[in-house]
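Q: Can you read through this structure? Questions will come right after.
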Amino acid sequence: MATYVVGDVQGCYQTFRKLITKLQFNPQKDHLIFAGDLIARGADSLAVTQWVLEHRDSCSAVLGNHDLNFLAVACGLREPKSEDRIQPLLESSISSSLIEWYRQCPLAIDLVAHGILVVHAGVWPGFDRETLMTEIDLVHQALLSSTWVDSLASMYGNKPTHYDDAVIDDDRLRFLINACTRMRFVNTSSLALDFDCKESPDMAPPHLRAWMDIAQRFDIDRTIVFGHWASLNGNRHDEQFIALDTGCVWGGHLTALRLEDRRLIQVKANV
C-alpha cells in the first residue's frame, strides 16, 4: 500500500498514464493525491478527468487555480480561454460529475500520519497550520453550499493582498483562494501577496521573497508539498518544503512523491 502526491498534471494524459505505469499504481490498495491543476493547457484534460472519476475511491485532490477556473467557466462566470483547452471537457457528459467532484475538494489536505501538508501554491506566511486549516474550511463550506455559484462569483480579484484587510467573508474567501492557489511571492516586510512577479526566486526584486523563504521562519510543523510554480522545476526539496511542479505541460517532467519513504518518481513529458 502506497500513497503518492502528484504534481500538476494539467491535462497531460499520456504522460500521466506513463507515470501511473511507473508507479505500478494499484487502485485497490494505493492512493493518489493531486496537488492541484489536474486540467488545462495540456492536450487531453477530458481523458485525465475521466480516469480520475473512474478511480475516485483511490484519488483525492486539492484545488488549484485552473481547477477553480473550470468551475467558474462551467457556471458561466468566466469565459473560456482557448489556451486552456478545456472546451471538450465543458461539452462532455462527465462535466457535471466533475463539477460535483471538484466541489468536494479542499484547498489543503493535512496528512497527519505522514507529517505532510498538501496545497497547490503554498501556505501564506502569516498563518500557522491550525489557522490555515480552520480558515480554509470557509471556502470548503462555501463550495458545498446551495449558493456555491454566488460564492464562487465573489472569489475573483487580487484584493485584499493581506488577510488583516479581509473585512467581510467575501474578502476572506478571495484572500484564502489567492494564497492557496496563486501565491508565489510576498512582500518581505508586510507579507502582502504579489501577483506581478512570476520569475524564479533569485530573479525577484529585493522587496519580494518567495513565500517559502518567509514561511521557514514560522513553525508550520509539517512538510509542505506544493505545485503551481513550474519555474522552480522541483528545486525546493528539504525537510520543510517539497516542490512538485516540474513543468510537465511545458515539456519537463511529471513528478510524484511517495509518502512512505519520500522518494521522488518522475517521467519525462510526452511532447
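Q: Let me check against my output: what whole-number percent is the relative contact order of region 3-268, with C-alpha pairs under 8 Å and at least 6 apart?
A: Relative contact order here is 23 percent.
Q: Follow-up question, since we're still on this one. Taking +1 at the Cβ of each Lys and Arg and -1 at the Cβ of each Asp and Glu, which of 231, 167, 211 sits farthest along the dipole of region 167-239 towards its positive end, judged by Cα position relative to the Cα centre?
A: 231
Q: Hand me the chymotrypsin sites (Phe, Trp or Tyr not before Pro) from region 67-120 located in a DSSP loop with no more than 13 other Cβ atoms within 10 Å, in residue order please.
A: Answer in residue order: no site qualifies.
Q: Quick one: work out the % antiparallel among DSSP beta bridges in the chain, nearest 5.
A: Around 55 percent antiparallel, to the nearest 5.
Q: Let me ask you something else. List the GluC sites (Glu not before Pro) within region 44-152 that fall in a DSSP loop (any state other than H, G, I, E or B) and whose Cβ has at most 13 other Cβ atoms within 10 Å.
A: When the GluC sites (Glu not before Pro) of region 44-152 are filtered for loop state and at most 13 Cβ neighbours within 10 Å, 91 remain.
Q: Let me ask something additional. So how far, in whole Å, is the C-alpha centre of region 101-133 from the one of region 163-202?
A: The distance from the Cα centre of region 101-133 to that of region 163-202 comes to 16 Å.
Q: Okay, moving on. When a/c is below 1.5 the answer is rounded, else prolate if a/b is larger than b/c, else oblate, so apply that to region 193-271 with a ≥ b ≥ c taken from the square roots of the Cα gyration tensor eigenvalues.
A: oblate
Q: Positive end of the charge dipole of region 3-268 (Lys, Arg +1 and Asp, Glu -1 on Cβ, about the Cα centre): tell me which of 120, 21, 93 has its Cα farthest that way.
A: 21
Q: Now for a separate question. Which ³J(HN,Hα) values, rounded to whole Hz and listed in residue order, are derived for region 118-124 from phi using the Karplus coefficients 6.51, -1.76 and 1.60 in 6.51 cos²θ - 1.76 cosθ + 1.60 with θ = phi - 60°, glycine and proline given as x?
A: Values per residue, Gly and Pro as x: 9, 8, 6, 9, x, 10, 4 Hz.
Q: From the helices alone, meaning DSSP H stretches of at least four residues, give me the mean residue ellipticity at 222 nm for the chain, per-run term -39500 (n - 2.57), in deg cm²/dmol to the nearest 500.
A: The helix-only estimate for the chain comes to -9000 deg cm²/dmol at 222 nm.
Q: So, counting K/R as plus one and D/E as minus one, what does the shell of residues with Cβ under 10 Å around residue 66 add up to?
A: Net of charged neighbours comes to -3.
Q: So how strong a dipole does region 3-268 carry about its Cα centre when Lys and Arg Cβ are +1 and Asp and Glu Cβ are -1, to the nearest 20 debye?
A: Here region 3-268 has a charge dipole of around 840 debye.
Q: Also: Measure off 7 Å from each Cα along the Cα-to-Cβ vector at residue 94 and residue 164, then give the distance between these two points in nanometres to one decimal.
A: 4.6
Q: Got a sec to turn the phi values of region 46-52 into Karplus ³J(HN,Hα) couplings, 6.51 cos²θ - 1.76 cosθ + 1.60 with θ = phi - 60°, whole Hz, x for Gly and Pro?
A: Calculated HN-Hα couplings, in order: 4, 5, 4, 6, 4, 4, 5 Hz.
Q: So how much slack lies between residue 138 and residue 18, counting 0.36 nm per residue of separation and subtracting their Cα-Cα distance, in nm?
A: Gain in length upon complete extension: 39.5 nm.
Q: What residue among 250, 82, 34 has its Cα farthest toward the positive end of the dipole of the chain, where the charges are +1 on Lys, Arg and -1 on Asp, Glu, each on the Cβ?
A: 250
Q: Let me ask something additional. Which ³J(HN,Hα) values in Hz, rounded to whole numbers, follow from the phi angles of region 194-201 under the Karplus curve 6.51 cos²θ - 1.76 cosθ + 1.60, where θ = phi - 60° and Gly and Pro get x?
A: Karplus-based 3J(HN,Hα) across region 194-201 equals 10, 10, 8, 8, 10, 7, 6, x Hz.
Q: Just flag the trypsin sites (Lys or Arg not before Pro) in region 189-247 sitting in loop per DSSP whose Cβ has no more than 15 other Cβ atoms within 10 Å.
A: Answer by residue number: 198, 217.
Q: Right, next: Once you put a point 7 Å from the Cα of residue 79 and another 7 Å from the Cα of residue 240, both along the Cβ direction, what distance in nm separates them?
A: Distance between the two pseudo-spin positions: 4.3 nm.
Since every read-out is calculated from the coordinates, none of them should be taken as a lab result. Since this is a predicted model, take the numbers as computed values, not measurements. When we count neighbours, we look across all protein chains shown, and the Cβ atoms used for this are built from the backbone with ideal geometry, even at glycine.
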